[in-house]
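Peer 1: Dropping the structure in here first, questions after.
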């Protein structure tokens, strides 16, 4: 066992004083059970002390060993207002008087629609347990970068317009102090840059894992070639486990559980919050190193050891086999009610078919996806597995009833940027199980836009949760034929 015991040894301390805390204890037990059944070889990089030098040493006992703790924590023994009074102060000389005409830059940028971010250089001190990040003015020179003397409060998750996603995200306070003598003493130093971000937002949503965390983290960290420290607030241990290959290939160092960390960690450069300008997308014009979404998919192929980078079109002629179609068979909402008929029809046309709910771990399922030449499914998070497809592969999205073409665009746009061939099939009311729940003259069929106008929750309840799909095989067959023709000839 070894490492797995250490991983759970140090957690945030709390007493079971109420039901909420009791529930957190229950969550901890579930987490423990999860780890008891998990292969921990993939976690060793998280607990090994791999600091670059003595001054930058991070003790694993203070980092990921605390990751099994609750995501909902109090602020610890300190309060933001009394921080400088309750933490030991550095014994350095006072700050020199700043020049009156020196321009002061804002610590943070709150002007974007999708995200807030801070980028701070100089003497930056982080006290995670208290959710506080401090910038300390230099006492040595008037020429150093100076910042406004203003306190900022941000949630480091790139979906700030979305109340449902942002509500559980922990607030981080970013503030200047008056000088080194007013700052808490550093207990950990590092010359590496640090990135502070939240792992919360939408839980258990594969699409949002990519859109709100993995893709933005790639654009922020990839250029640093692993020489970066991640401080993760709202840390979800099972999600770290799920994407351990991604984290392992973006940083060489221990992840730090921001919410439990009682160290005063000091850095020369800190990025707070992740940048995202659109769902499941990268804007190379506003991204360091001009990364593209195709760069991200190549990265994913590399870290998961996928062999096929490009689909060998024409498939039949080049590989001597039928094109392989992966059908993402959802198990709960938006299910295929006639899956057997769909599989039979695709096989009759000339596909080899793999139908699955995509429940295997990513190490195995990424190989399955990469071996396929096409993926097909009803609009939903499982289609995010497109990141493992080879270039030129086919993507077939079934759009549910409800005037939801715009929803389909959440996949259409990234699919095209990944250089996949996009096909879309929009079902009729007769192909929806809603026809069994509502009369045909109901607004669900006569005016679906009116339901959308009631808001996302109403739309989701009717068109995404209550709806399953029974494809009209004769109507759908031409879409499959078109995809097959493309895979076997490269032409349409």
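Peer 1: With the alpha-carbon atoms as the only input, what is the per residue convex hull volume for the stretch 166-273 in Å³?
Peer 2: Each residue corresponds to 108 Å³ of Cα convex hull volume.
Peer 1: So for the pair residue 318, residue 205, with labels modelled 7 Å out along Cα→Cβ, what separation do we get in nm?
Peer 2: With each label point 7 Å from Cα toward Cβ, the separation is 3.6 nm.
Peer 1: Take residue 227 and residue 491, extend 7 Å from each Cα along the Cα→Cβ direction, and tell me the distance between the two endpoints in nm.
Peer 2: Roughly 5.2 nm, to one decimal.
Peer 1: A further question follows. Label-point separation (nm) for residue 153 and residue 450, each offset 7 Å from Cα along Cα-to-Cβ?
Peer 2: 4.2 nm
Peer 1: Contour minus end-to-end for residue 262 and residue 364, with contour as 0.36 nm per residue of separation and end-to-end as the Cα-Cα distance?
Peer 2: Taking residue 262 through residue 364 to full extension adds about 33.0 nm, to one decimal.
Peer 1: Could I ask something else about it? How long, wide and thick is the stretch 103-210, going by the Cα atoms along their three principal axes, in whole angstroms, largest first?
Peer 2: Between the extreme Cα coordinates on each principal axis of the stretch 103-210 lie 48, 31, 21 Å.
Peer 1: Ok, one more. Based on the Cα coordinates of the stretch 315-489, what is the per residue volume of their convex hull in Å³?
Peer 2: Here the figure is 110 Å³ per residue.
Peer 1: Let a ≥ b ≥ c be the square roots of the eigenvalues of the Cα gyration tensor of the stretch 159-198; is it rounded (a/c under 1.5), or, if not, prolate (a/b larger than b/c) or oblate?
Peer 2: Prolate shape, in that a/c is at least 1.5 and a/b is the bigger ratio.
Peer 1: Continuing with the same structure: Only Cα pairs under 8 Å and at least 6 apart count here; give the relative contact order of the stretch 315-489 as a rounded whole percent.
Peer 2: 27 percent
Only the coordinates and a few stated rules stand behind these numbers; no lab work does. This one's a predicted model, so the numbers in the text were calculated from it and none came from an experiment. Don't worry about glycine lacking a Cβ; one is built from the backbone with ideal geometry, like all the others, and counts go over all protein chains shown.
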